[in-house]
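Trainee: Here it is, the structure in full.
The values are calculated or read from the model by the stated rules, or taken from the named source; none is laboratory data. Because the structure is a prediction, the values reported are computed rather than measured. Cβ sites come from the backbone with ideal geometry, for glycine too, and all protein chains shown count toward neighbours. Ligands, DNA and RNA are stripped out before the accessible areas are found, and what is left, the full protein with its side chains, is counted by its heavy atoms. Shrake-Rupley method; radii C 1.70, N 1.55, O 1.52, S 1.80 Å.
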Amino acid sequence: MTAKVPRNFRLLEELEKGEKGLGADGCSYGLTDSDDVMMSKWNGTILGPPHSVHENRIYSLEIYCGDNYPDSPPQVRFISKINLPGVNGTDGKVDLSKLPRVANWNRDYTMERILVGLREHMAHPSHRKLPQPAEGQTF
Amino acid sequence: MSSSAPAEGEASSESPKVVKFFFKSGNEDKHEIELPLSTTVLDTKKAIAEKSTVPADRQRLIYSGRVMKDDQTLESYKVTEGTTVHMVKSAAKPAPAASSSSTGGAAAARPPVPTNIASGSGNNPLAGLTGARYAGHVQLPNADIFGPDGGMGPLPGPEDMANMMGRPETQAAMNELFNNPQLLEQMIQSNPMLRGMGDQARQMLRDPTFRQMITNPEMLRSMSAMQNMRRGAGGSFPAPGATDTTPGSATAAGGAEAAAGPPNPFGGAGGANPFAAMFGGGDPPMYLPGYGEGTGPSDEEILAQIRLARQMGLLGGAGGLGGLGGLGAVPPAPVDNRPPEERYAEQLRQLNEMGFYDLQRNLRALAASGGDVQGALENLLGG
């Protein structure tokens, strides 16, 4: 039995990793407002995976970590318009259960894992050629 | 705000606060950079441009999950000591409104077409070759190599091909083609076999050894020698000691000039058959006609496709398929000896994602389908 890492320690860890750029390639994340003591609102970006229609595009997302994070997954929403299964076509909300990598949420999962999972999802052979709205549009 | 206050900390408030941070782009190393916090993002890009190869107007900077806007400052994005800013190179600006006027609104809905492909040519991977970019650069075949009758005669001999590939400008053009990821992607997409290979094909085409192999004149010579050997084994056998094309192809080239007319360069005309030379004058071997009509064409067609593909300086479309098939038969081609788990790592991952977790079954299915995920799926679902 290992001790559960409390919410805020976990978020601080993730914040440091995000700011130092230690995370996976192609993804970045950080607090929307660095004065937010609750560390609830986050921004994320995904650099479109190569060999796909997303190549050279940058997708912005917002992530909301509720009080129960990381026991419950955060809410994730695309700001940049994207056509991708699992992403609501009208408001950009991501249905995490559609992402193989995070479908069964586990408190060890991180925001980075979600972003990486989304990036893989975009690069999936059956998704990477989906027609996309012009770059720069937002939900 | 404290500039007028004669406080102890005056010195620090006068000299602008600097921040030392890193910038990182793709797979490159991190670079350290030190700038005043009041620096605008645009000026930051200019400073980064001096330390990297990317001009400021093609940089996009990302920090903490946000794309940085040019008119903001480092301070407003809370860039602090020791943090890392990601720099993403943006694609070259597309040619101004090249396709929008001609194709109308439909263009917007379609996935973007690589910018080096002219708008009218659809998905033709050869289109890039005809662009101005390659003008005078790549050796597009001139009339001479098609023979005196302007293309109706036989294809150029292996020697011509090899010589052409040996030219530095041809090799440079090949290299440039292979370095263009969009073109590679199209080649892979337009070819079912390559598509099935997925990432492997990508890696293979990027692999310098492979490129070297298909552009190496020596390799071409030995390949055509191989082809001739195979052909020999099919219908007859080469004369003792005649292991090479040299005597044969000389005759073939000579015969080529004579054999005007029939578009099939490998058809009947005895003079065009390189092996005719080996059997001397008044001693026509009886298997020769059989060879000409029977075993010949398929081999010959493949070879012809390889030649054509090479001739265009590119390995794409159907020619590419033939070329790869042909290469498979060449001993020096690197044989993929990796264990199947490694070789099919990408496909296995995909199968896993789709809910197939039985490694052994997945491997068997992939082996049966030659690494094609779709085929493996059918196998897994059917069996």
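Trainee: Taking the dipole about the Cα centre of region A:7-123, with the C-beta of Lys and Arg at +1 and of Asp and Glu at -1, give me whichever of A:SER80, A:VAL53, A:GLY18 is farthest to the positive side.
Mentor: The Cα lying farthest towards the positive end belongs to A:VAL53.
Trainee: 7 Å from Cα along Cα→Cβ at both B:ALA56 and B:GLU353: what's the point-to-point distance in nm?
Mentor: 4.0 nm
Trainee: At a cut-off of 50 Å², which residues of region A:41-61 become less accessible once all protein chains are present than in their chain alone, using a 1.4 Å probe?
Mentor: A:HIS51, A:ASN56, A:ILE58
Trainee: Output the 0 to 90 degree angle, nearest 10, between the alpha-carbon long axis of helix A:7-20 and the longest principal axis computed from the alpha carbons of chain A.
Mentor: Rounded to the nearest ten degrees, it is 50.
Trainee: Once every DSSP H run of n ≥ 4 in chain A is given -39500 (n - 2.57) and the sum is divided by its residues, what mean residue ellipticity at 222 nm do you get, rounded to the nearest 500 deg cm²/dmol?
Mentor: Theoretical 222 nm ellipticity from helices: -6000 deg cm²/dmol.
Trainee: Right, something else. Counting just the Cα atoms, what span does region B:340-382 cover along each of its three principal axes? Round to the nearest Å and put the largest first.
Mentor: 25, 20, 16
Trainee: Can you give the charge dipole size of chain A about its Cα centre, rounded to the nearest 20 debye, using +1 on the beta carbon of Lys and Arg and -1 on the beta carbon of Asp and Glu?
Mentor: Working: 17 positive and 18 negative charges, 100 e Å.
Roughly 480 debye, rounded to the nearest 20.
Trainee: Given a 1.4 Å probe and no ligands, DNA or RNA in the count, how much accessible surface is buried by B and A, both sides, to the nearest 100 Å²? Intermediate values should be presented prior to the final figure.
Mentor: On the way: alone 21400 and 7890 Å², together 26860 Å².
Approximately 2400 Å², summed over both chains.
Trainee: Which entries of A:LYS20/B:LYS45; A:LYS129/B:LYS46; B:LYS69/B:LYS89 show an alpha-carbon separation above 25 angstrom in the structure shown? Walk me through the intermediate numbers first.
Mentor: On the way: A:LYS20/B:LYS45 19 Å; A:LYS129/B:LYS46 34 Å; B:LYS69/B:LYS89 15 Å.
Pairs exceeding the cut-off: A:LYS129/B:LYS46.
Trainee: Which FRET efficiency, nearest 0.05, do B:ASN179 and A:ARG107 yield, Cβ-Cβ r, R0 41 Å? Intermediate values should be presented prior to the final figure.
Mentor: On the way: r = 45 Å, r/R0 = 1.09.
The calculated FRET efficiency here is 0.40.
Trainee: Same structure, new question: Under a crude label model (7 Å from the Cα following the beta-carbon direction), how far is B:GLN189 from A:VAL37 in nanometres?
Mentor: 5.2 nm
Trainee: Considering only protein heavy atoms and a probe of 1.4 Å, how much of the accessible area of region A:7-123 is carbon and sulfur, as a whole percent?
Mentor: Details: 2380 of 5010 Å².
That fraction is 48 percent.
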